[in-house]
Every structure is written in structure tokens, then in C-alpha cells.
1. Checking the conditions here, which among T67, T62, T37 is over 30 Å from Y173 (Cα atoms) and either of a type in the set (G, A, S) or over 16 Å from the mean Cα position of the chain (by Cα) (or both)?
2. Let me spell it out: the conditions are (1) touching a His at 6+ places or on another chain (Cβ under 9 Å); (2) buried (at least 16 other Cβ atoms within 10 Å of the Cβ); (3) not hydrophobic (A, V, I, L, M, F, W, C), and P45 meets all of them except one. Which number is the exception?
3. Whether any residue in region 160-178 is within 19 Å of the chain's Cα centre (by Cα), within 23 Å of T19 (Cβ to Cβ) and free of Cβ contacts under 8 Å to residues at least 24 places away in the same chain is what I want to check.
4. Might you let me know whether region 83-91 holds any residue that is modelled with pLDDT of 90 or more and surrounded by fewer than 18 Cβ atoms within 10 Å (Cβ to Cβ)?
5. So, of the residues in region 189-234 that are under 16 Å from the mean Cα position of the chain (by Cα) and among the hydroxyl-bearing types (S, T, Y), which turns out to be modelled with the highest pLDDT?
6. Considering every residue within region 37-58, establish whether at least one is in contact with a Phe, Trp or Tyr (Cβ under 6 Å, 6 or more places away or on another chain), within 23 Å of K177 (Cα to Cα) and not charged (D, E, K, R).
7. Under 7 Å between Cβ atoms, at least 6 apart or on separate chains: pull out the pairs that start in region 233-258 with a residue that is in contact (Cβ under 8 Å) with a residue 60 or more places away in the chain and end on any residue that is part of a loop (DSSP other than H, G, I, E, B) and basic (K, R).
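The values are calculated or read from the model by the stated rules, or taken from the named source; none is laboratory data. These numbers come from a predicted model, not from an experiment. With ideal geometry, Cβ positions are generated from the backbone for all residues, glycine too; neighbour counts draw on all protein chains shown.
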Amino acid sequence: MRLGSEEHKNRFCRFFIDTHKPFQPEDLPWPELNEATVKKLAGFPIWDYAVHTERQVFNKLTAYAETVPDPLLKEALALQGYEEGRHADILKYFLKRYGIPFKEIPDKRLPKNLEWCFLSTGAGECIDSFFAFGFLEISKSTDDYPIELINAMEPIVQEEARHILFIQNWMLYQRFKRPFFLQPWHALTTLFAFADAGYRRLKDLGSLGGTSFTIHAREIEGSSLSPKAFINLCHKENRRRLAPYDPELVRPRLIPRIMKVVQSCL
């Protein structure tokens, strides 16, 4: 399969569309939670931001899909937008079900360059998912949260694996369908998108006082894993999450490679 070809486009779009699972937030197997667990969840300072972020991604992707002339790409992009919107609805349902307070943050105005917007957003998802898969696996081995609650979130987490696989192949399709002399510029643009996404996450950590979900989760889970072992776990979970899908599609590579370098320095 040649990257940037019609076959490549058909493969990554059809994989994404065919693996979509229809469900509503209330269909998930939500468990009963005790007061201590609800209080611990309510202590995370990220719920307003999390709901707002998922809603913004829905708005951006939906708007971008409308600008894409190719019908198959349009369908796949619109579907990812729908799933991101469903993530926002699931978060709101979860918070309301357990009485966890949150504020609705007004939507921001959409940027003019929607393709760049999706590229930057997709880079952020690739960063977040690499670590989230590892954190989720750690949480399964502790008693901090009921396993039933973790299992209820499983469909959402697996959707993120589908998203990053689609995003990675969309990036490469956009690059390799271009003339050869323009491909290096797209590669640099992609690197800048990842740098931008990483910088925005560092800003978010600062604005949340260093208590964003990932940092807070690491402290609460009380895992005995070393940083090197945690990175190993993230690599393992990324491979496992992506294993069920078309093996010819290119897996996300940049963040795993960067973390391999980090790991070698630890």
C-alpha cells in the first residue's frame, strides 16, 4: 500500500467507519459509587476544562468536515467529530449522575485555518492517549476506584485508540498526496503541530496549579512503577490498543519514539 494513494485513503477511512460502535451515554454500565469515591473524583480540578475541550474538538472537526470535498474523507471526519461530541455528552452525563459539580465554559470562536486546527488537535490526542492508556492500566491494579467504573469507561478509551490511528494515517495521506518537493514542508508543519500541542499542555498544567488529571492521577494511584517502567507500560498498552486494527495502517510514531529517547536517559 502506497501512502497518499486512493487505497491508503480507503483503508484508513473504512477502518474508522466500520469500527464505529453506536451507543448513548446512558447505555454504559455505570456502577453505584460510594461517597468517598465521588468526593475523590470531585476533587479533580479538570472537569470544566475536559467537557469544554471535547465540545471544542466536536465543533472544530464538524466544521472542518464540511470543507472537505472528498465524500469518504468527509464521512470519516464527521464521524470522528460526532464521537468527540459524544465524549463531551458522556462526561456531562457522568458528572450529573454522580453529582459532581462543573461549569459550562462557552464555546470559543473557530479559527480560520480548520485543517491546521485538526492537525494540532490530532497531535494533542496522540500525546494524551500515549500516557492515558498507561494510567488506565495502572488504575486497574489499585483499589482507588471500582473496577466497574473503569470498565464503564473502556469504550471511550478504545475510541481514542481508533482516533489516533485515523489521525496518524490522515496526516501521512495529506503529506504523501502532495508533490514530492512539498512533503518536507508538511513534515515540518506536523512537527510544529506536535510542539504547539505539547506547549499548550504545559500551559494547562500551569493554569491548573500543577494538579491536572495526569499529575493528580499519578499521585493518587500510588503506583510503585518507576518512570522507566511506566513508559514501558505506555508502549505496551499503545501496542495492545492498536493491535485489533488493520496492520497495514501506520501506527502513531512520534511520541513513542520521543519517549524511547527519554527512557534511555533515565
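1. On the way: T67 fails: over 30 Å from Y173 (Cα atoms); T62 fails: over 30 Å from Y173 (Cα atoms).
When all the criteria are applied, what remains is T37.
2. Going through (1) touching a His at 6+ places or on another chain (Cβ under 9 Å); (2) buried (at least 16 other Cβ atoms within 10 Å of the Cβ); (3) not hydrophobic (A, V, I, L, M, F, W, C) one by one, P45 breaks only (2).
3. No; the residues of region 160-178 include none that is within 19 Å of the chain's Cα centre (by Cα), within 23 Å of T19 (Cβ to Cβ) and free of Cβ contacts under 8 Å to residues at least 24 places away in the same chain.
4. There is at least one residue in region 83-91 that is modelled with pLDDT of 90 or more and surrounded by fewer than 18 Cβ atoms within 10 Å (Cβ to Cβ).
5. The qualifying residue modelled with the highest pLDDT is T214.
6. no
7. Close Cβ pairs (under 7 Å, with a partner that is part of a loop (DSSP other than H, G, I, E, B) and basic (K, R)) amount to L242/R251.
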